[in-house]
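Beneath this line is the structure, given in structure tokens, with notes to follow.
The values are calculated or read from the model by the stated rules, or taken from the named source; none is laboratory data. Predicted model, so just to flag it, every value in this text is computed and none were measured. Here the Cβ is made from the backbone with ideal geometry for all residues, glycine too, and neighbour counts use every protein chain on show.
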Amino acid sequence: MLKRVLIMFVCFGFMAGAAQAGTATFSGYFNDQANTALKGADLGAALFGDDWEIANNVALYPLSVPFAGAVTFDSNGFAIGGADPYFTLFAGNDTAATVAGSNYDQAFFGGGSDFLLNINLSAGDYQVAMGVFANQSLAENNPDLDPTLGDGFTFLGGPGFLGNYYYELGVTTPDTPQVPEPCALLLLGPGLVGLVGIRRKVRT
């Protein structure tokens, strides 16, 4: 019994270590001509002629997820006077990337605000798109047409959603495997021994 308790303490300690995560922050201004992450709604050059054009710029960032698990997306720009955000996550590292998630429900049904999302993802390459409500990806808007990031965005953003033009998104990814296999094996061993003992008592 004591041995089993010690094993459990070791395992839980090991799993606590596995909870470490990598963090990144993507931030900037939709009206900043020096912001190299910005693209136009058609994925061409970002436009800055007036607030209608600025409201339809989209900031694109590459994101690497090293291990499968829950990834947290935490928007913090709106609370400090920034834009009403529209977020889309794409799986893939080029214009053929497909939609893997968004803040659609919060954006359309929760009113203007920041968002906090947890999305379970496989390890791999992704792209984060930060835009202004309701400059939605055409890939998300037309899910039955074999859509991709390369289809661009709807150009439905408006000056009233820009605030002070600022956006900020914190991303937290797992940087270690979520379930350590050695620990699982250590716990499995005593469990099997216990089952064998129970079976022997039943048979006698």
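Some notes on this structure:
- All told, A41 meets the bar of being touching a residue at least 24 places away in the same chain (Cβ under 8 Å), among the aliphatic types (A, V, I, L, M) and over 27 Å from P174 (Cβ atoms).
- Positions within the range 13-35 being within 21 Å of the chain's Cα centre (by Cα), part of a loop (DSSP other than H, G, I, E, B) and at pLDDT 95 or above, in sequence order: F30
- Residue tally, condition of a type outside the set (A, V, I, L, M) and not in a loop (DSSP other than H, G, I, E, B), over the range 125-166: 14
- Residues that are surrounded by fewer than 16 Cβ atoms within 10 Å (Cβ to Cβ), modelled with pLDDT of 95 or more and under 21 Å from the mean Cα position of the chain (by Cα) within the range 142-171 comprise G150, G170, listed in sequence order.
- Filtered residues of the range 71-82 (kept if surrounded by fewer than 20 Cβ atoms within 10 Å (Cβ to Cβ) and touching a Ser or Thr at 6+ places or on another chain (Cβ under 9 Å)): T72, D74, N76, A79
- Hits in the range 139-165 - residues which are hydrophobic (A, V, I, L, M, F, W, C) and within 19 Å of P62 (Cα to Cα): A139, L149, F153
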